[in-house]
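Below: one structure, written as structure tokens.
The values are calculated or read from the model by the stated rules, or taken from the named source; none is laboratory data. Keep in mind that what you see is a predicted model, and the values were worked out from it rather than measured. For neighbour counting, all protein chains shown are included, and Cβ atoms are generated from backbone atoms with ideal geometry for every residue, glycine included. To get the accessible areas, we keep the full protein, side chains included, count just its heavy atoms, and leave off ligands, DNA and RNA. Shrake-Rupley method; radii C 1.70, N 1.55, O 1.52, S 1.80 Å.
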Amino acid sequence: EAQVTQNPRYLITVTGKKLTVTCSQNMNHEYMSWYRQDPGLGLRQIYYSMNVEVTDKGDVPEGYKVSRKEKRNFPLILESPSPNQTSLYFCASSPTGTGNSPLHFGNGTRLTVT
Amino acid sequence: QKEVEQNSGPLSVPEGAIASLNCTYSDRGSQSFFWYRQYSGKSPELIMSIYSNGDKEDGRFTAQLNKASQYVSLLIRDSQPSDSATYLCAVNSRSNDYKLSFGAGTTVTVRA
């Protein structure tokens with residue numbers, strides 16, 4: 001089954017404790033992206049990747065890191081999480097960019113930072 | 001000014017009625033426009049894409065695009081309780097094919 005898999009689904013952590021949210025897709029998509037969703041603000045893009053070893057900042061990259069060492073994986077790293085990073089996170093992929101291809105979303109990761 | 005703005009809602013319509021959702025965007029050169037549906041606790045899923053001015057129909061859904069007015073809308077005809085969800089408008093950046101901006105969403109409730 002074609003899918004984007006995120007783990008974990010739920011994560012509660014404390015301020016400053018490094019964490020990684022994994023994202024994997026099995027559709028051989030070139031483009032992958034991370035979004036966070038907050039009430040009243042919608043989905044905001046954190047980082048995106050056009051292909052292996054090619055990443056760029058979205059609208060809200062501060063406090064996040066990503067890497068794209070393999071085509072299928074695009075982990076999101078929070079080196080020192082803070083309470084304002086409490087949010088619902090979505091990973092998404094598409095064959096090539098966002099102009100003509102729909103995004104396929106993962107099931108989301110709900111992160112709480114205390 | 002936000003890049004993509006939607007009427008905040010919530011929008012409540014009776015079953016069988018037409019639900020009308022509106023979206024405006026600031027990037028005049030945007031070329032690609034999408035409507036995603038998101039059920040509570042779930043991830044967004046694409047329901048419509050539109051690239052040219054005018055109307056595009058798919059079943060009970062009609063997307064309307066007016067680039068001159070920087071306006072895109074979604075009509076849901078014969079609304080069903082299963083249409084109760086949050087609808088997200090998304091607009092592709094003219095200058096960056098890898099950047100997709102979303103509105104905050106409009107929550108629709110269809111009353112049986």
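Observations on the model:
- Hits in the stretch B:85-112 - residues which are part of a loop (DSSP other than H, G, I, E, B) and open to solvent by 40 Å² or more (accessible area, probe 1.4 Å): B:R94, B:S95, B:D97, B:Y98, B:A104, B:A112
- Annotation: of all residues in the stretch A:36-56 being among the hydrophobic types (A, V, I, L, M, F, W, C) and either at the interface with another protein chain (Cβ under 7 Å from one of its Cβ atoms) or within 10 Å of A:S67 (Cα to Cα) (or both), the one that is most open to solvent (accessible area, probe 1.4 Å) is A:L41.
- Some residue of the stretch B:2-20 being closer than 28 Å to A:D38 by Cβ and touching a helix residue (DSSP H, G or I) at 6+ places or on another chain (Cβ under 8 Å): yes
- Residues located in the stretch B:77-107, provided they are without any contact (Cβ under 8 Å) to a residue 40 or more places away in the chain and under 16 Å from A:M50 (Cα atoms): B:N96, B:D97, B:Y98, B:K99
- Exactly one residue out of A:V14, A:V54, A:V21, A:V60 is in contact with a Cys (Cβ under 9 Å, 6 or more places away or on another chain) and of a type outside the set (F, W, Y), and it is A:V21.
- Among the residues listed as B:S43, B:S30, the single one being free of Cβ contacts under 8 Å to residues at least 60 places away in the same chain, among the hydroxyl-bearing types (S, T, Y) and open to solvent by less than 40 Å² (accessible area, probe 1.4 Å): B:S43
- Among the residues of the stretch B:30-44, those identified as in contact with a strand residue (DSSP E or B) (Cβ under 8 Å, 6 or more places away or on another chain) and either within 15 Å of A:Q6 (Cβ to Cβ) or outside any strand (DSSP E or B) (or both) are B:S30, B:Q31, B:S32, B:Y39, B:S40, B:S43, B:P44.
- Residues satisfying the stated conditions in the stretch A:1-35, i.e. aliphatic (A, V, I, L, M) and either assigned to a loop (DSSP other than H, G, I, E, B) or surrounded by 15 or more Cβ atoms within 10 Å (Cβ to Cβ) (or both): A:A2, A:V4, A:L11, A:V14, A:L19, A:V21, A:M27, A:M32
- Tally of residues being closer than 22 Å to A:L11 by Cα, within 14 Å of chain B (Cβ to nearest Cβ) and in a loop (DSSP other than H, G, I, E, B) across the stretch A:57-77: 3
- Taken residue by residue, the stretch A:91-100 has no member that is in contact with a Pro (Cβ under 7 Å, 6 or more places away or on another chain) and assigned to a loop (DSSP other than H, G, I, E, B).
- When residues of the stretch B:10-23 are limited to those that are over 10 Å from the mean Cα position of the chain (by Cα) and open to solvent by 40 Å² or more (accessible area, probe 1.4 Å), the one nearest to A:G58 (Cα to Cα): B:P10
- Of all residues making up the stretch B:45-73, the number that are part of a loop (DSSP other than H, G, I, E, B) and more than 12 Å from chain A (Cβ to nearest Cβ): 8
- B:E5 part of a strand (DSSP E or B), in contact (Cβ under 8 Å) with a residue 40 or more places away in the chain and of a type in the set (D, E): yes
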